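*Asks:* Take this structure first; my questions come after.
The values are calculated or read from the model by the stated rules, or taken from the named source; none is laboratory data. Every value quoted in this text rests on a predicted model; they were computed, and no experiment measured them. Using ideal geometry, Cβ is built from the backbone for each residue, glycine included, and neighbour counts are taken over all protein chains shown.
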Amino acid sequence: MAPKFSLQSVLDLRHGKVELLEIELGKLVSRYQETQEKLAALKEQLASLLTKLGSAQIGDINLVEINLLRQNILQTDRQIETVTRELEKLAKAVETKRAELVTAKQSEETLEILKRKRLEVYEAEQVQIEARQQDDIYIARAFRAGKQ
């Protein structure tokens, strides 16, 4: 039976941290994608409003309609700026979380390597013990065979 790894509790803790960071990163990436979609929708809305404004300026001019379109364009533009800033913040948060995840995975992998190396040492010791026992058996047989 292999010996218990003395740092198993630390390894389990680090593994839990890695899983938590993976979940958090997934949530951040999802929010980032949703925000990108929101930005794309706002840009489409702005293009549509600009097209309507261009059409409203041809032929009979309705100043009330043009003013309303202009206000909608300004509001949409402000929303685009807000969403763009949010997207930049999310991009930074995603990169920060990725860096944390990489560090946590490296830390976990270090302990995994230590665990594997300890197991290899244990198995090598067991092979030596078995070889010595086998030698003892052969020597005892040879000794008994020599007495007869």
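*Asks:* Assuming residue 95 fulfils every condition listed in (1) in a loop (DSSP other than H, G, I, E, B); (2) within 24 Å of the chain's Cα centre (by Cα) apart from one, which condition is it?
*Replies:* (1)
For (1) on the phi > 0 side of the Ramachandran plot; (2) hydroxyl-bearing (Ser, Thr, Tyr); (3) part of a helix (DSSP H, G or I), each residue gets a yes or a no:
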residue	(1), (2), (3)
4	no, no, no
9	no, yes, yes
17	no, no, yes
23	no, no, yes
28	no, no, yes
34	no, no, yes
38	no, no, yes
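*Asks:* Within the set of pairs 6 or more residues apart or between chains, which connect a residue that is under 19 Å from residue 11 (Cα atoms) inside the stretch 104-133 to a residue that is assigned to a helix (DSSP H, G or I) and modelled with pLDDT of 90 or more with Cβ atoms less than 6 Å apart?
*Replies:* So the pair list comes out as 104/17; 104/18; 104/21; 105/18; 108/18.
*Asks:* Now for a different question. What's the number of the condition residue 59 fails, among (1) assigned to a helix (DSSP H, G or I); (2) at positive phi?
*Replies:* The one condition residue 59 does not meet is (1).
*Asks:* May I pose another question? Say we look at the stretch 73-91 and pick out the residues that are touching a Leu at 6+ places or on another chain (Cβ under 8 Å) and over 13 Å from residue 44 (Cα atoms); which of these is surrounded by the fewest Cβ atoms within 10 Å (Cβ to Cβ)?
*Replies:* 84
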